[in-house]
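What follows draws every value from the coordinates through simple rules; no lab data is involved. Here the structure is a predicted model, which is why all the values come from computation and not from measurement. Note: ideal-geometry Cβ built from the backbone for every residue, glycine included; neighbour counts use all protein chains shown.
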Amino acid sequence: MEVLPGAEVDLEAAAALPDAELKLATLGGNWSDLLLETPYGELPGDFEQRVLAVVARGFRVTLAHPERSDALKADPDRVGALVDRGVLVQLTARSLGSRPSATAKLLFERGWAHVLASDAHALDRRPPDLGASVRQAGDAFPHARAELDWMVTAAPGAIVAGRPLPARPERQRRGRRLRLRLP
C-alpha cells in the first residue's frame, strides 16, 4: 500500500484559500487535482458557479459523493452539467453496492461518474470496504464490470498522477444470450 497526500476540501474553504494553499491539498500532491466535498444539507444557490470558479483557477475538480445531496437527488442533471464542463465525479462505492441508490445508479448509468471510493473514515464507522462494495456493484451492473474496475484503478490512478483519464471501457450489451440446444 502506498499512502499519498491529499484532502477532501470544503467548497467554502476552496473559495477562500489562496492557490498555493489549495495546491497542498491536491490529490497525490500533484498540484492540480482537488477533491471537493459536496456540501451536506442545502446547496448554496450558486453551487455550480463556486465549483466552476475553482476549475477556472486551474484545478481539475473531482466532486465527492454528489449522490448524497438532497438537492442533486432532486435534480441530477445539475451534476451532468458540471461533468459537461470538465468536473469529475466520485461516487461512494457503497452507494452502488447491494442496494444501489437511485441517484448513484443514474449518475453511473449516464456515464457521469468517474471514480468509486470507499469514503472510509474509521474501521468501525464507514470502514474501508471498497472491495466488497465493488463486487456488489459488479453484481448489480454485470454489463459494466470493466467500467467499475476502471473507476477504482485507471481513473483514480490518472487523477493522482495529474494525467488525463484513460478511455472508459465500453459496457457489454445487456440482453439475453442465445443458447443453442444440440440434439
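Quick notes on this one:
- Arg60 fulfils the conditions (1) buried (at least 21 other Cβ atoms within 10 Å of the Cβ); (2) closer than 17 Å to Asp10 by Cα except for a single criterion, (1).
- Residue match in region 100-114 (condition: in a loop (DSSP other than H, G, I, E, B) and among the β-branched types (Val, Ile, Thr)): no
- Any hit, region 90-105, residues being closer than 20 Å to Asp10 by Cα and either in contact with a Lys or Arg (Cβ under 7 Å, 6 or more places away or on another chain) or not hydroxyl-bearing (Ser, Thr, Tyr) (or both): yes
- Filter result for the condition that a residue is surrounded by 22 or more Cβ atoms within 10 Å (Cβ to Cβ) and not hydrophobic (A, V, I, L, M, F, W, C), over Ser69, Ser101: Ser69
- The set of residues from region 115-159 being within 29 Å of Arg85 (Cα to Cα) and part of a loop (DSSP other than H, G, I, E, B) comprises Ser118, Asp119, Ala120, Phe141, Thr153.
- Any strands (runs of 3 or more DSSP E) falling wholly within region 1-95 and containing at least 1 residues that are in contact (Cβ under 8 Å) with a residue 24 or more places away in the chain and among the charged types (D, E, K, R): 33-37, 60-64
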